[in-house]
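Data block below; observations after.
The values are calculated or read from the model by the stated rules, or taken from the named source; none is laboratory data. Not measured: the values here are computed from a predicted model. All Cβ positions, glycine included, derive from the backbone under ideal geometry; neighbour counts span all protein chains shown.
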Amino acid sequence: MYSKIAPTDIISAELIFKDYVDFEENVIYLTDEVPDYIAKFLDDIMPDYVIIIYEMFNPVCPYCGAKLHKHEIKKWDINKQTTVYKQRYKCTNSTCSKTITTPLSKIVEKNCCYTKEIRKIGNELEDLEHISYEKKSELIEKQYGIKIPRQTVQYHEFIKSEQYLSQKEEKIAQLIQERNIEFSGIIGYDESFFSINNEKYVRITSIDSKNHMILNDQIMKYEDFDKYFIEIFMTYSLKDLTPYSNPDMPNPKHSLLLTDLKKDTMITDGYTTYVPIIEKLHMTHQKCVFHKIMNQRTPVWKTTNKLERQLKNKENQLEKTKEKIQQLEKQSKGQKPGRIPLKDKKRRKNKKKLKKKKQEKTQQKKDIKKIEKQLEEFEYYNNKISEIFNYDTVQKAEMEFNRLYNQLDFLPEEVAKFVKNLKKDFDKTINHIKRKDIPKTNNLLEGFFKITFPKKYKRRFRTEKGVKNYLRHMTIRWYERNVLHEKITT
Ligand SMILES: [Zn+2]
């Protein structure tokens, strides 16, 4: 999209010049096929007295088919920047005798002062990054040397966005069909939160874990979001919604009217609401192991952080005690060993102090050992718990889990609580061991959320429409990069 005039362009342009460009004294004739960047190029390199006239390649009346005669020329500024002229014609058929201006439909839409290319930029940039109209306007000025007011950039983007997006979405759907990319039935589900004008919203998404296609992706006000909605959403995610891919089109009245997609496994985090819904859908439920482990680690971290602070304090105290002992020993250096005379009060006091400090040292060392042992123990169990999910057979995983479960009374409180809880849904966390095609975590969807709706945008939008548009751009990009591995052009 940038810097259109490459050396190869000029050479190829030279070849076609014979047919499409005609040099006469003080005038260059271009046929309506010639792109506007050539007009700009010629305008830039030619002296001022040379004018450029666009004329029809085949001057035939569009109304009656008769030949056209050249009539007059009409001034036109491409992008309010490059002055060219459009040839006007008169129909030779006397009963028709219409006046026709060279239409430049490839370059520009009727009654527009900016070219199609310029009008497309806002939406094209939006595919890459959500930036302000102000900045888009600056970028156009830098790249094309055209100063367009922010409001105009916004207007161009607004009127073109639906067409721009739906064309790409249609192309994506078409490519998916052509390549026969099928749903695997192994689906990641999650929610993510953001706000519009300080009002809390939720984005609810399901993704195919194998081919990374998005099954369903919606936004709604947080206050309207509940477990009933989750059930509806999950149910619809398993239906073919391609006829309803336009996000503004409501879903059909009853899910039974839709074609089923492949139904196999649902991956979620540990929220208990999902359990009965997924059971009702007769699907395998895989609870994200990453979330599980985080649930285990969080209370442990709280304790170990505390222990680490205590350890540091104890170590500092020990250091001070050691210094003090050294100091006291230095003071009593060179003194005769043996009993200290009763009247030497200073020496007696020092000796007592030294004894006390040495006792303190022993105690502090003991305390440090104890804390270190506790920390080691936590680390040991953290590793044990992670390992459970890494075994290659269910048998080994179960054995390790049972070994922990049987020692409940001897485990640190935080670990025991987790192990006890894990018993309830242990089978839902090891499906990835049973079947290699089931992912261990919901990381794919977490990644999708992070890429398509980064944190920095989560409070920036002012309207639902704005968020929806933005997400459509980002979803197209996701498909380009993660599903089709091909840039979509329209
Ligand atoms: Zn005519």
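Details
- Test result for Thr102, within 16 Å of the ligand (Cβ to nearest atom), hydroxyl-bearing (Ser, Thr, Tyr) and crowded, with 17+ Cβ neighbours inside 10 Å: yes
- Filtered residues of segment 86-99 (kept if away from the ligand (no atom under 13 Å from the Cβ) and either under 16 Å from Phe41 (Cα atoms) or in contact with a His (Cβ under 7 Å, 6 or more places away or on another chain) (or both)): Arg88
- Among the residues of segment 323-336, the one identified as part of a helix (DSSP H, G or I), surrounded by fewer than 14 Cβ atoms within 10 Å (Cβ to Cβ) and among the basic types (Lys, Arg) is Lys330.
- Taken over segment 37-50, the residue count meeting the criterion of being farther than 18 Å from Tyr144 by Cβ and either within 14 Å of the ligand (Cβ to nearest atom) or touching a helix residue (DSSP H, G or I) at 6+ places or on another chain (Cβ under 9 Å) (or both) is 1.
- Among (1) closer than 29 Å to Phe461 by Cα; (2) among the hydrophobic types (A, V, I, L, M, F, W, C); (3) surrounded by 18 or more Cβ atoms within 10 Å (Cβ to Cβ); (4) touching a residue at least 40 places away in the same chain (Cβ under 8 Å), the one test that Ala39 misses: (1)
- Residues of segment 161-177 that are of a type in the set (D, E, K, R) and either on the phi > 0 side of the Ramachandran plot or modelled with pLDDT of 90 or more (or both): Lys168, Glu169, Glu170, Lys171.
- In the condition set (1) modelled with pLDDT of 90 or more; (2) outside any strand (DSSP E or B), Glu33 is compliant with all but (1).
- In segment 61-85, of all residues being under 14 Å from Lys98 (Cβ atoms) and buried (at least 16 other Cβ atoms within 10 Å of the Cβ), the one that is farthest from the ligand (Cβ to nearest atom) corresponds to Leu68.
- So Lys361, is it of a type in the set (D, E, K, R), in a helix (DSSP H, G or I) and closer than 23 Å to Leu311 by Cβ: yes
- A count restricted to segment 113-142 and to residues that are surrounded by 14 or more Cβ atoms within 10 Å (Cβ to Cβ) and assigned to a helix (DSSP H, G or I) stands at 18.
- Pair list, Cβ under 7 Å, 6 or more apart: segment 55-71 residue closer than 17 Å to Val21 by Cα, other residue more than 8 Å from the ligand (Cβ to nearest atom) and basic (Lys, Arg): Pro59/Lys67
- Among residues of segment 74-101 that are farther than 12 Å from Cys61 by Cβ and outside any strand (DSSP E or B), none has a beta-carbon under 9 Å from a residue that is of a type in the set (A, V, I, L, M, F, W, C) and near the ligand (Cβ under 9 Å from one of its atoms) at least six positions away or on a different chain.
- Just one of the listed residues (Glu360, Glu372) is under 30 Å from Lys420 (Cα atoms) and surrounded by 13 or more Cβ atoms within 10 Å (Cβ to Cβ), namely Glu372.
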